Amino acid sequence: MSAKKPSKRIGVFICHCGGNISSVIDVEKLAQAIGKLPGVALSTTYQYVCSAPGQDLIREKVKEHNLDAYIVAACSHTLHETTFRTLGKETGLNPYQVEIANIREQDSWVHDDPQKATSKAVRIIRSVIEKLRLNEDLLPIEVPVTKKVLIVGAGIAGIQAALDIANAGYKVTLLEKRASIGGHMAQISKTFPTLDCSQCIMTPRMVEVSHHKNIELLTYSEVEDVAGYVGNFKVKIKKNPIYIDPEKCTLCDKCVEVCPVEVDSEHDRGIKKRKAIYIPFPQAVPATYTLDVHSCLGLLPIACGECVKVCEPQAIDYDMEPQFIEDTFGAIIVSTGYELYPVLNLEEYGADQIPDVVDGMQFERLLYLDSSTGCGIKRPSDGKVPGEVVFVQCAGSRDPELHNAYCSRICCMYTSKQAMLYKSAFPEGKSYIFYIDIRSGGKGYEEFVQRAREEHDVTYLRGKVSKIFQEDGKVVVWGADTLTGEKVEIKADLVVLATTMVPSPGTKDLANKLKLNVDEHGFTQEAHPKLRPVESLSAGVFMAGCAQSPRDIPDTVSSASGAASKVMAMISGDVLEREPIIARVDEDICSGCKMCISVCPYDAREYNSDKNIVEVNSAKCEACGSCVVTCPSGATQQLNFADTQIKEMVRAILSDKESSE
Amino acid sequence: MSSSSRFEPKIVGFICKWCTSAAADLAGVSRLKYQPNVVSLRVMCSSRVDPEHILQAFKGGADGVLVGGCHPGDCHYQVGNYQTRKRIMMLLEILKDMGISPTRLRLEWISASEGAKFQDTMNEFINTIRELGPLGLKVK
């Protein structure tokens, strides 16, 4: 037989929900049937139990009937479980002596037959009564919070979040994989729809970050390992050697002059070259050289050594080793950003073999170099200013068969901008944009696209481009204009592909380390798409910017500030409260077989060799209950979801006694 | 057959808080009607469902049992649903040995956004069990 039932006095409050429930379920009959069950001291109905008078009724009845526990039979747990548990606490009960029976979403709203719906409500409430009889009083688990935040990725998302949090007085460690912070926003020429110079609005933020007393900046660094849990993540960070001592370096640039190696500049996206020893771009933060060990001719043994010979202050140190930093953080924000879908994958558009087919970011660099040096927009193959430019939207996007199914969201806008900037720089040029639909939802966005069409004479062609190939120094674009139904052939000088935003390559690896879910495309998965858009389902891990999905700068900054405010709310208290419905082990029964360890996704089951048992780390346990099922002896139980409770609930669901006839 | 004499199966649902119960709520909000034969109990994760609970349900008079969790890869607890799948696969074999049709036990992945799938699953499973008839295993 099951364990002895404590003789609780249980109250049941059945809500009419103003007809939402009572128009289908016979609530009075229901109350009568429930009232006959053993242990039920009160079974009553009310119009709106969640209203102020409804809550007063509960307060009054708990006292009057000396209730030990109560059930509110009403709407879904997600709506009012917290409301009624808080109320329970006010009336002097433990909040875990309050349960919800969902007879609206899962009964009156989905069934038409009053008799059957009422009968189902009896079964639902009866099963919740059985659970409640055996519910234990529980207290929230309190875990201390480290008031320090780790932000991974220092593009505009990471920078914004870091500044918000640091300005509120909390310590932030901002980590960046590359040699400089700034991310993609530092590469962009001008921003839509205002045509602000991207550098001009970005670089002051970068400088602010580097000087902020609450921000520790770690560039050229990666997350090596993550342990711990919300409030106390133990993170091991690897700071890769830059082989330069910034304290000694005088930025004389002599090392760069003598370096014989040239490779594609990441910042200029291959439009220009850089040396193996380099500063990523003039406004880089930190403003220091980095020796790229992958392109350098060789450090061990030294194959070239030219830079060391010319470095008067002896700032170059080939023996520099990676540093490992271990620290504890209360929360982590993932702002690892995006990359562009490789043109190499776009076979139909030349698979990156045609020099004058560039992607959107390469064209940004061409625009930037023109505006900053006045050199003119030069196409890569021969440096000529292109007279005809074709922009191809949805290159790799909205194409579930071959490439990515989703919309990359920003391309309609930046293509308009690029065409506009090209026409402003070279008014006699001709520009065409191939599009599927124009998606210009955003403040001032539609007006911006209209301006491109009307004032800058950009030709919009509705249709997809089927093929791009090279012929006689031109880039030939085959497409269709679906509005006229005609085939289009354009012999262009330059083609710009608006390739899809995809998650940056490091996102997946970091997500694995953080036990963070990613979606089918590899973007980080939010806890709820509408109501919890910057939180992840791993407690204490938040997300900002394009690591989550393609978005533009305003949306990135909004999400970063959103994540920052969630983090600040979380770390502002001294302790965190967690749901206590976790696993518990009976030390007398546990045989230390460790099977529970193998199924726990959170490393919350820990072997104690002195006692030869496997304990539960209450701060790590997320309360899934999987270890309970795995436990061969029943030594592990989940608090308030014990086997005895589930067994009784099943019995109550199936019982034919008093089901509302 | 008139509706009054039609066999009405009794089915127990074990549904996870994060996905299938949320889908049931969404079906409710969307007023997607289905037959009322399944009464569900809500657990945090489908991996809390012990094969023993399912056998207890059959023993207690259930004609069918439905277990609902998150889609593979979407489990709130990362891998709980993979544990569930292993356990249910094992139990399906045992049910065959016990002479209980494995059709009476259904594992479904229904995400929080799939209210319509919840509705369809309910109706389809209830009809299937109705076709099979009573299990008649209830132990007094």
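Annotations for the structure displayed:
- Exactly one residue out of A:TYR432, A:TYR406 is closer than 27 Å to A:GLU266 by Cα and open to solvent by 20 Å² or more (accessible area, probe 1.4 Å), and it is A:TYR406.
- Residue tally, condition in contact with a Phe, Trp or Tyr (Cβ under 8 Å, 6 or more places away or on another chain) and either buried (at least 24 other Cβ atoms within 10 Å of the Cβ) or modelled with pLDDT of 95 or more (or both), over the range A:344-362: 2
- Looking only at residues in the range A:280-304 that are in contact with a strand residue (DSSP E or B) (Cβ under 9 Å, 6 or more places away or on another chain) and over 25 Å from A:THR173 (Cβ atoms), the one that is most open to solvent (accessible area, probe 1.4 Å) is A:HIS294.
- Condition met for A:VAL650 (outside the structural domain of A:ILE129 (by TED's automatic domain parsing), assigned to a strand (DSSP E or B), among the aliphatic types (A, V, I, L, M) and surrounded by 21 or more Cβ atoms within 10 Å (Cβ to Cβ)): no
- Taken together, A:ASP586, A:ASP610 contain a single residue that is open to solvent by 60 Å² or more (accessible area, probe 1.4 Å) and in contact (Cβ under 8 Å) with a residue 12 or more places away in the chain, which is A:ASP586.
- Selection within the range A:613-641 - surrounded by fewer than 21 Cβ atoms within 10 Å (Cβ to Cβ), within 11 Å of chain B (Cβ to nearest Cβ) and among the small types (Gly, Ala, Ser): A:GLY634
- Tallying residues that are out of contact with any Leu (no Cβ under 9 Å at 6 or more places or on another chain) and on the phi < 0 side of the Ramachandran plot within the range A:57-71 yields 3.
- Subset of the range A:23-60 [more than 21 Å from A:GLY92 (Cβ to Cβ), in a loop (DSSP other than H, G, I, E, B), in contact (Cβ under 8 Å) with a residue 12 or more places away in the chain and open to solvent by 10 Å² or more (accessible area, probe 1.4 Å)]: A:SER23, A:VAL24, A:ASP26, A:LYS36, A:LEU37, A:GLN47, A:TYR48
- Condition broken by A:SER536, with the remaining ones in (1) more than 23 Å from A:VAL223 (Cα to Cα); (2) in contact (Cβ under 8 Å) with a residue 60 or more places away in the chain; (3) not assigned by TED's automatic domain parsing to the domain that holds A:ALA419 satisfied: (1)
- Any hit, the range A:312-323, residues being in contact with a strand residue (DSSP E or B) (Cβ under 7 Å, 6 or more places away or on another chain), surrounded by fewer than 16 Cβ atoms within 10 Å (Cβ to Cβ), modelled with pLDDT of 95 or more and assigned to a strand (DSSP E or B): yes
- Taking the range A:435-455 as the range and being surrounded by 13 or more Cβ atoms within 10 Å (Cβ to Cβ) and assigned to a helix (DSSP H, G or I) as the test, the residues that pass are A:TYR445, A:GLU446, A:PHE448, A:VAL449, A:GLN450, A:ARG451, A:ALA452, A:ARG453.
- Failed item, numbered, when A:ALA563 is tested on (1) of a type in the set (Gly, Ala, Ser); (2) more than 14 Å from chain B (Cβ to nearest Cβ); (3) open to solvent by 50 Å² or more (accessible area, probe 1.4 Å): (3)
- Annotation note: of A:LYS508, A:LYS530, the sole residue that is closer than 15 Å to A:GLY153 by Cα and surrounded by fewer than 17 Cβ atoms within 10 Å (Cβ to Cβ) is A:LYS508.
- Residue count for the range A:61-114, restricted to those that are open to solvent by 60 Å² or more (accessible area, probe 1.4 Å) and facing chain B (nearest Cβ under 10 Å): 4
- When we screen A:THR328, A:THR336 for residues that are in a loop (DSSP other than H, G, I, E, B), touching a Ser or Thr at 6+ places or on another chain (Cβ under 7 Å) and modelled with pLDDT of 95 or more, the only hit is A:THR336.
- Beta carbons closer than 8 Å, at least 6 apart along the sequence or on distinct chains, pair a first residue in the range B:75-88 that is within 7 Å of chain A (Cβ to nearest Cβ) and farther than 8 Å from A:CYS624 by Cβ with a second that is open to solvent by 40 Å² or more (accessible area, probe 1.4 Å) and of a type outside the set (Asp, Glu) for B:GLN78/A:LYS515.
The values are calculated or read from the model by the stated rules, or taken from the named source; none is laboratory data. Everything numeric in this text was worked out from a predicted model, so none of it was measured. Neighbour counts are summed over all protein chains in view; Cβ atoms, including those assigned to glycine, are modelled from backbone coordinates with ideal geometry. Each accessible area value is taken on the protein alone, full model and side chains, heavy atoms only, with ligands, DNA and RNA left out. Shrake-Rupley method; radii C 1.70, N 1.55, O 1.52, S 1.80 Å.
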